[in-house]
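Rule-based calculations on the coordinates, nothing more; no lab input. This structure is a prediction, so every number in the text was calculated from the model and none was measured. Using ideal geometry, Cβ is built from the backbone for each residue, glycine included, and neighbour counts are taken over all protein chains shown.
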Amino acid sequence: MKQIQEGFLSDRVKVLNREELFAYAKGKGHFPEDKELAKLPADDPRVKMTEPQKLAKACVDRLFEFEVHARRSKKEKI
């Protein structure tokens, strides 16, 4: 991991670690509590998702946020 960080410019590369990703996923509701799961309808996709699927969804959402931020900053520079 250290070699990767040294090999790239640290201000341009954001390393997503597992703890940050779990915190983001919980904040966005990808990992609802048992009480919340009971309230969800049976056809809700979050009920049937496994933990790796939930984590992958959170990762995709987080990367999309980074992408949007990068596009906006690039547009503002132009």
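If Rh is defined by the Kirkwood formula over all Cα pairs and Rg also comes from Cα, what ratio Rg/Rh do you get for region 16-77? Display every interim value, and only then the final one.
On the way: Rg = 14.4 Å, Rh = 13.0 Å.
For region 16-77, the value is 1.11.
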**Study point:** Proximal lysines relative to residue 77, as straight alpha-carbon distance under 25 Å, when same-chain residues fewer than 8 apart are discounted
**Key:** 14
Exercise for review: Give the order of 44, 34 when sorted by the count of other beta carbons within 10 angstrom, beginning with the fewest.
Suggested key: 34, 44
Review point. What net charge do the residues around residue 62 carry, taking every other residue with its C-beta under 11 Å from that of residue 62, with Lys and Arg at +1 and Asp and Glu at -1?
Key: -1
Practice item. Might you report the magnitude of the Cβ-based charge dipole of region 16-77 about its Cα centre, with Lys and Arg at +1 and Asp and Glu at -1, to the nearest 20 debye? Key: 360
